[in-house]
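Below you'll find the structure, written out as structure tokens, and then a few comments.
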Amino acid sequence: MLEENQQPMTENAIELSGVTKIFGGAKPVRALDDVALTVGKGQFVAIVGPSGCGKSTILNLVAGFEKATSGTVLVDGAPVGGPGPDRAVVFQEAALFPWLSVWENTVFSPKARGRPEREYKDKAKQFLSRVGLSEFHDHLPAQLSGGMKQRVGLARTLVMEPQLFLMDEPFGALDAQTRIDMQELLLSVWDELRRTVVFITHDVDEAILLADVVLVMSARPGRIRSRVPIDLPRPRSIDLITDPVFVALKREIFNQIRHEANIARLAAD
Amino acid sequence: MSAGETTTRSDGRGAEGLGALAVRSIPGWLTVTIVPVVLLVLWETAGRAGILPTGLIPTPTMTVNAWYVWTFGPDTGGFNAYSGTWGGVVTNSAQRVVQGYVLAVLLAVPIGILIGWSSVVARLIDPTIQSLRPIPITAWLPFSIAMFGIKEYGAIFLICLGAFYPILINTTHGARSLDQNLLRAAMMMGASSRTILFRVVLPNALPAIFAGMRIGAGIAWSAVIVAELVAVKSGLGYVLWDAYYIGRMDVVVADMASIGFLGFLTDRLIIALEHRLVRWRHIR
């Protein structure tokens, strides 16, 4: 990757080492077991794996929503204390504030942090039009479709201008066509910004289409099973899906996931 | 898709079936009035036919007459202690309700939000409130008279107490019902605890707060009547008992209808306020 070559090797946006996460309770669940991974600055990393493998847990640890049972979680070399605006999160169900208009949702972060309006107004307007929602400025979330809600969910993180985007199956709940639209939107936005992205998905096509690197996770307790670099040229479009290289990558990743799913099933029996 | 269509179609058929059962040619507002009108006509007829003892149970027209005199005080010849006093009486009660109720809202909403938001506050305050709550406001009457005497404050205290609990409990519930992802979204966007409290927890709790406020308003009207029956010498509750003592059952029934009307009006006002403040809940 061009981006990696430009930057010194030590510049990792995210570094996890020896990370274990056990959810307590009557029957403790070991969600992650000794996970180590690094994400380079400006890299788009997708994490795939069988359901329940702890993909989202990794993201929640980096976001600061949860704390690791053991191990270290570093962002820009510093341990993660709690959530913060340097790490923007796009949630699966958009998680917009239903009482705020599209505009108020979009500018929530700078407004909540007490920034003066002149500082963010023009920028926010640009991002809102970038996701195609200028016309829906005053609409409430309840008046929007699932895809439009997710566009607002993306716009409000763009306004934050974070170093890191964490996306937790953001298009998982959308219908096929809307999902493709959103993937193309994200591709073109990312081509402009080139910020670090961690993208959780169970859709292998989506992972290959978007990412520089696909991390395949093992079944619970989750570990990183393999790291698959995606050397497809950018800018990319949805047409890539039928490209032979794409298909070969898909087969490889798919086999690994299937293998993990089988292990999980055997373990359950 | 096909499943959705089938559901829609069968729903449509269901609605038609119900429509066929109802009287179709009558508009909705008229349907609503049928039962009350029939009841009033039966009541009036029974009174005039001598089936009901009108000295004990006045007919609707007698009640309306009593209310008219009570409200507008026309010169009817004889002495009538109630003549033209309705407005003043209603104002007395309504003022107490407003004072006690507003005080209850001002206390219950912040306390409820804090209990819902902070487990420390919950442990600190909630047990006390929960152990006082089962004591009905009627049981507080002697205590209230001992504390405040036969004065306004006694009534306001009871109203506030009665309205406080439902508003508090609903507010707490509303504050606790915040979707985890909304909280996480606010945190990752850099909102401080204070901002989260005022711009996320509070608006999220508003629908529940209004639900509590509607229940609280009903209890506030009950409380004012109870207080005025015993602890204050004016208002609708006082007139209710006074009129009963001197055998003016027409005034008693007119009084009851007035209480019902004011309670209804209060509820409508709160609903209107809710539609204004919680607009997002009503837009689909």
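A compact table of results
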{"quantity": "From A:LYS55, A:LYS21, A:LYS27, residue being basic (Lys, Arg), out of contact with any strand residue (DSSP E or B) (no Cβ under 6 Å at 6 or more places or on another chain) and either modelled with pLDDT of 95 or more or not assigned by TED's automatic domain parsing to the domain that holds A:ARG156 (or both)", "calculated": "A:LYS27"}
{"quantity": "From the options A:ARG113, A:ARG118, residue that is at the interface with another protein chain (Cβ under 9 Å from one of its Cβ atoms), surrounded by fewer than 20 Cβ atoms within 10 Å (Cβ to Cβ) and either more than 25 Å from A:ILE200 (Cβ to Cβ) or free of Cβ contacts under 8 Å to residues at least 12 places away in the same chain (or both)", "calculated": "A:ARG113"}
{"quantity": "Condition check for B:THR91: of a type outside the set (A, V, I, L, M, F, W, C), out of contact with any strand residue (DSSP E or B) (no Cβ under 6 Å at 6 or more places or on another chain) and assigned to a helix (DSSP H, G or I)", "calculated": "yes"}
{"quantity": "Among residues of region A:95-109, those that are crowded, with 23+ Cβ neighbours inside 10 Å and at the interface with another protein chain (Cβ under 9 Å from one of its Cβ atoms), counted", "calculated": "4"}
{"quantity": "Answer from A:VAL159, A:VAL197 - the residue that is among the β-branched types (Val, Ile, Thr) and either surrounded by fewer than 19 Cβ atoms within 10 Å (Cβ to Cβ) or outside any helix (DSSP H, G or I) (or both)", "calculated": "A:VAL197"}
{"quantity": "Only listed residue being without any contact (Cβ under 8 Å) to a residue 60 or more places away in the chain and either surrounded by fewer than 23 Cβ atoms within 10 Å (Cβ to Cβ) or touching a Ser or Thr at 6+ places or on another chain (Cβ under 8 Å) (or both), chosen from A:ALA68, A:ALA46", "calculated": "A:ALA68"}
{"quantity": "Complete set of residues in region A:44-77 that are closer than 12 Å to A:ILE22 by Cβ, away from chain B (no Cβ under 14 Å) and β-branched (Val, Ile, Thr)", "calculated": "A:THR69"}
{"quantity": "One residue from B:GLY235, B:GLY212 being surrounded by 19 or more Cβ atoms within 10 Å (Cβ to Cβ), assigned by TED's automatic domain parsing to the domain that holds B:SER93, farther than 21 Å from B:VAL89 by Cβ and not aromatic (Phe, Trp, Tyr)", "calculated": "B:GLY212"}
{"quantity": "Any hit, region A:165-174, residues being within 14 Å of chain B (Cβ to nearest Cβ), aliphatic (A, V, I, L, M) and buried (at least 21 other Cβ atoms within 10 Å of the Cβ)", "calculated": "yes"}
{"quantity": "Verdict on A:GLU206 being within 17 Å of A:GLY49 (Cα to Cα), charged (D, E, K, R) and touching a residue at least 60 places away in the same chain (Cβ under 8 Å)", "calculated": "yes"}
{"quantity": "Identity of the residue in region B:243-267, among the charged types (D, E, K, R) and buried (at least 18 other Cβ atoms within 10 Å of the Cβ), that ends up farthest from B:PRO36 (Cα to Cα)", "calculated": "B:ARG248"}
{"quantity": "Residues satisfying the stated conditions in region B:117-144, i.e. over 24 Å from the mean Cα position of the chain (by Cα) and either among the β-branched types (Val, Ile, Thr) or buried (at least 20 other Cβ atoms within 10 Å of the Cβ) (or both)", "calculated": "B:TRP117, B:VAL120, B:VAL121, B:ILE125, B:THR128"}
{"quantity": "Criterion (over 20 Å from the mean Cα position of the chain (by Cα), acidic (Asp, Glu), loosely packed, with under 15 Cβ neighbours inside 10 Å and not in a strand (DSSP E or B)) met by exactly one of A:ASP231, A:ASP239, A:ASP191", "calculated": "A:ASP239"}
{"quantity": "Leading residue by the ranking (farthest from A:LYS55 (Cα to Cα)) among those in region A:140-186 that are among the small types (Gly, Ala, Ser) and in contact with a helix residue (DSSP H, G or I) (Cβ under 9 Å, 6 or more places away or on another chain)", "calculated": "A:ALA142"}
{"quantity": "Helices (runs of 4 or more DSSP H) contained in region B:177-239 and holding at least 2 residues of a type in the set (S, T, N, Q), within 11 Å of chain A (Cβ to nearest Cβ) and over 23 Å from A:ALA63 (Cβ atoms)", "calculated": "none"}
{"quantity": "In region B:167-194, residue farthest from the chain's Cα centre (by Cα) [restricted to those that are polar (S, T, N, Q) and surrounded by fewer than 21 Cβ atoms within 10 Å (Cβ to Cβ)]", "calculated": "B:SER192"}
{"quantity": "Any hit, region B:157-166, residues being out of contact with any Phe, Trp or Tyr (no Cβ under 8 Å at 6 or more places or on another chain), β-branched (Val, Ile, Thr) and away from chain A (no Cβ under 14 Å)", "calculated": "no"}
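One line per residue, one yes/no per condition, for (1) within 14 Å of the chain's Cα centre (by Cα); (2) not charged (D, E, K, R):
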residue: A:ASP122; (1), (2): no, no
residue: A:LYS125; (1), (2): no, no
residue: A:LEU128; (1), (2): no, yes
residue: A:GLY132; (1), (2): no, yes
residue: A:ASP138; (1), (2): no, no
residue: A:LEU158; (1), (2): yes, yes
residue: A:PRO170; (1), (2): yes, yes
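Every residue, every condition in (1) assigned to a helix (DSSP H, G or I); (2) in the same structural domain as A:PHE91 (by TED's automatic domain parsing); (3) of a type in the set (Lys, Arg); (4) at pLDDT below 90, yes or no:
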| site | (1), (2), (3), (4) |
| --- | --- |
| A:ARG179 | yes, no, yes, no |
| A:GLN183 | yes, no, no, no |
| A:ASP205 | yes, no, no, no |
| A:VAL216 | no, no, no, no |
| A:ALA219 | no, no, no, yes |
| A:VAL247 | yes, no, no, no |
| A:LYS250 | yes, no, yes, no |
| A:GLU260 | yes, no, no, yes |
| A:ILE263 | yes, no, no, yes |
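The values are calculated or read from the model by the stated rules, or taken from the named source; none is laboratory data. As the structure is a computational prediction, the values presented were derived from the model and not from experiment. Cβ: placed from backbone, ideal geometry, glycine included. Neighbour counts: every protein chain shown.
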